[in-house]
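The values are calculated or read from the model by the stated rules, or taken from the named source; none is laboratory data. All values derive from a computational prediction rather than experimental measurement. Cβ sites come from the backbone with ideal geometry, for glycine too, and all protein chains shown count toward neighbours. Heavy atoms of the whole protein, side chains included, go into the accessibility calculation; ligands, DNA and RNA do not. Shrake-Rupley method; radii C 1.70, N 1.55, O 1.52, S 1.80 Å.
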Amino acid sequence: MRGKDEKPRVTQDAKAILLVECDGDESRVEVEMEKVVALARREGATAVETATDAKQRERLWLARRSSSAAIAHLNPTKFAEDITVPVHKFPRF
């Protein structure tokens with residue numbers, strides 16, 4: 001387990017990292033994130049982290065921004081793409 005201020009860790013055997021951010025009023029975001037978490041777990045996610053405040057959100061985005069250079073170091077032919085998918089279309093994606 002790690003403290004709240006520590007950076008998220010990604011294992012080297014991870015095949016993909018999915019960062020999902022929901023936007024809207026608090027109650028809607030909570031419902032949407034519950035759907036995302038349930039879907040991720042159902043589809044075999046090995047780890048799921050959620051952020052409930054700005055500090056936690058920034059910690060996850062810092063990990064995302066930092067990961068690109070680390071992945072390129074491990075594999076110079078890395079491929080990364082940022083996309084947007086409405087939550088209701090997530091299962092089809």
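In table form, for the structure just shown:
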| quantity | calculated |
| --- | --- |
| Modelled label reach - residue 85, point 7 Å along Cα→Cβ, the range 39-55 residues with backbone N closer than 20 Å | 39-51 |
| Computed accessible area, residue 32, all protein chains, 1.4 angstrom probe, square angstrom | 30 Å² |
| Global geometry of the range 9-55, whether rounded, prolate or oblate, following the gyration tensor of its Cα atoms and the 1.5 cut on a/c | oblate |
| Aspartates and glutamates with Cα under 18 Å of residue 35, excluding same-chain neighbours fewer than 8 positions away | 21, 23, 25, 26, 43, 49 |
| Trypsin sites (Lys or Arg not before Pro) within the range 46-93: DSSP coil, no more than 14 neighbouring Cβ in 10 Å | 78, 92 |
| The range 27-80: C-alpha gyration tensor shape, a/c 1.5 cut-off, then a/b vs b/c | oblate |
| For the range 26-33, Karplus couplings with θ = phi - 60° (6.51, -1.76, 1.60), whole Hz, Gly/Pro x | 4, 5, 5, 4, 4, 5, 5, 5 |
